[in-house]
Amino acid sequence: MAYMLRMAPREVSAIIDAGNLRATMPSDHPTMLIKILPGIGLLLGLLLWAPMARATESMDPLVAEDPWMSRALSVESGILWEVGTGTTWPYRLVQTQLSWRSREFLKWDLRDGSRFSVRHRFTLLGALMQQGPESHYVALAASPSIEWRNPADKWSLFGGAGGGFGLLDSQGVRGGQGQDFTLNWFARGGIEYSPKPDRIWTAAIMFQHMSNGGATDPNPGIDAVGFMVGVAWKL
């Protein structure tokens, strides 16, 4: 009895009379369990990930076959230069746009297999304003995206025009913008190339006008022209 009491702190033993089977659980069993838990978690993660990966791969051909039925998220950057006469400042806008395009809501199928599509496009844009009194501009804009796709759907031509509103840091100097709240209007056109089913490279020429709509007098707006390049992902 004294020997069994001395062993109690180190291990717990149970004797099963049926079949003279003896089962022993050492005191360090919880530590061993903690050590193997990460491996169990990794195994479960792989088992869950594998069918999801196969499901995603099985969907890729559908996305490639009908790109106009998929949404798209794009990032574009470029430079626009002041070309108007509304201000004496030689503005240069270093601009980045984050845009979301919807599925097509209008379409025209042509006999040669090409296709016209019209989609909604919503944009969050930010610009560094150089060579002028202001320093930055942040805005929202929306427009239709009119697209013509070749029969192989490897490249397309696109265009669109729209507008929105935003904020800049007006400085109250002659020739600068009259207030922080500013309206914008733009027109753009370009080409898209799709080397992969889910990837699209874009290049565009863009015109952008911004002013406060006559809220201040004078109202020296900005008229800028430049280029944008970027990449889009199908969602």
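Read-outs: derived from the displayed coordinates by stated rules, not from any lab. Note that the structure is a prediction, hence the values are computed from the model and not measured. Positions of Cβ are generated from backbone atoms using ideal geometry, with glycine treated the same way; all protein chains shown enter the neighbour counts.
Roughly what % of Cα-Cα distances in segment 67-234 sit above 28 Å, to the whole percent? Numbers along the way, then the final one.
Details: 3847 of 14028 pairs.
Tail of P(r) above 28 Å: 27 percent of Cα pairs.
Which percent of the Cα-Cα distances in segment 163-235 go past 14 Å? Show your work: numbers first, answer last.
Values: 1735 of 2628 pairs.
Across segment 163-235, Cα pairs with separations above 14 Å total 66 percent.
Which whole-number percentage describes the relative contact order of segment 67-234, with Cα contacts under 8 Å and a sequence gap of 6 or more? Write out the running numbers ahead of the final one.
Values: 493 pairs, mean separation 39.3, N = 168.
Across segment 67-234, relative contact order equals 23 percent.
With each pseudo-label sitting 7 Å past Cα toward Cβ, what's the residue 201-residue 96 distance in nm, one decimal?
2.1
Place a label point 7 angstrom from the Cα of residue 85 along the Cα-to-Cβ direction, then list the residues of segment 148-187 whose backbone nitrogen is under 13 Å away.
Residues passing the 13 Å test: none.
If we count other beta carbons within 10 Å of each Cβ, what is the order of 200, 205, fewest first? Provide the component values of the computation, followed by the final result.
Numbers: 200 20, 205 16.
Ranked by crowding around the Cβ, least crowded first: 205, 200.
How big is segment 93-175 on each of its three principal axes, counting only the C-alpha atoms and giving the largest first in Å?
57, 21, 20
Find the relative contact order for segment 93-158 and round it to a whole percent, using C-alpha pairs within less than 8 Å whose residues are 6+ positions apart.
Details: 133 pairs, mean separation 20.8, N = 66.
Worked out over segment 93-158, it gives 32 percent.
Tally Lys/Arg at +1 and Asp/Glu at -1 over every other residue whose Cβ is under 13 Å from the Cβ of residue 167; what's the total?
On the way: positive: none; negative: 134, 169, 180.
Every neighbour counted, the sum reads -3.
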